[in-house]
Amino acid sequence: DFRARTEGAPWLGMSIPELARLESVLLVGSTLRKEQPLLAARLRGAAKRGLRLSLLHVTEDDLLMPVAHRSIVRPGALAGGLAEIAKGADRDGTIAASLKSKRSAIVLGHYAQQHPDYAVLLAMAQELGRVTGATVGVIPQELTDLTLQSIDLEAPDLRRRGGPRAVLGIDAEGI
């Protein structure tokens, strides 16, 4: 979904040590153990210290940590599931209420980023973050995503123009 226009590189919205000190996290469309095992380990440690983890995804995933609230929806209903959370209609508003703690975050995973409605998911997460005070973050997919965005290039432009060498006139070492 290329409708989402963001400034800069996708990032978690905070440092990894800050992520481990959160009180509440909503993971949207993420198989965290497979995407970022080190982040999963940090969140697992935080869960042992009381982190309330909520999950909105299209498949059941064993995160190997306690999950306070879990919502599994059909793939086409992911945006609707997040809208229900934003409206406070999920289980009497428990997920949205948990995000109102002092240190909370909404994190969009790889599945959410590859979803046809990613722009909608991102906009809803940002609005939910604004209302609850939660930080909104995105789990970076690959180092190349960060590198390309840091030099202000996008992957579709590279394919269309014949690769980074054609665009920049230098090789990877020169970047």
With a 1.4 Å probe and all protein chains in place, put I139, I16 in order of accessible area, largest first.
I16, I139
By what distance, in whole Å, do the Cα atoms of the stretch 73-125 stretch along each of the three principal axes, largest value first?
30, 21, 15
Applying the Karplus parametrisation 6.51 cos²θ - 1.76 cosθ + 1.60 with θ = phi - 60° to the phi angles of the stretch 126-141, what ³J(HN,Hα) value in whole Hz is obtained for each residue in order, glycine and proline being reported as x?
5, 5, 4, x, 5, 5, 8, x, 6, 7, 9, x, 10, 6, x, 7
With label points built 7 Å along Cα→Cβ from the Cα atoms of T59 and A77, find their separation and express it in nm.
1.8 nm
Under the 7 Å Cα-to-Cβ spin-label approximation, V131 and L38 lie apart by a distance in nanometres of 3.5 nm
Whole-Hz Karplus ³J(HN,Hα) for the stretch 97-103, in order, using 6.51 cos²θ - 1.76 cosθ + 1.60 and θ = phi - 60°, x for Gly and Pro?
5, 5, 6, 7, 5, 4, 10
Check G13: other-chain or 5+ apart residues with amide H under 5 Å from its amide H, H built from backbone geometry?
V138
Can you quote the Å³ per residue value for the convex hull of the Cα atoms in the stretch 20-106, rounded to an integer?
81 Å³
Could you put H115, H110 in order of accessible surface area, largest first, with the 1.4 Å probe and the full protein assembly present?
H110, H115
Excluding residues on the same chain fewer than 8 positions from K48, give the lysines whose Cα lies under 19 Å from its Cα.
K102
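The values are calculated or read from the model by the stated rules, or taken from the named source; none is laboratory data. Values in this document were obtained by computation on a predicted structure and should not be read as measured data. Positions of Cβ are backbone-derived with ideal geometry, glycine not excepted, and every protein chain shown enters the neighbour counts. What goes into the accessible areas is simple: the full protein's heavy atoms, side chains included, and nothing from ligands, DNA or RNA. Shrake-Rupley method; radii C 1.70, N 1.55, O 1.52, S 1.80 Å.
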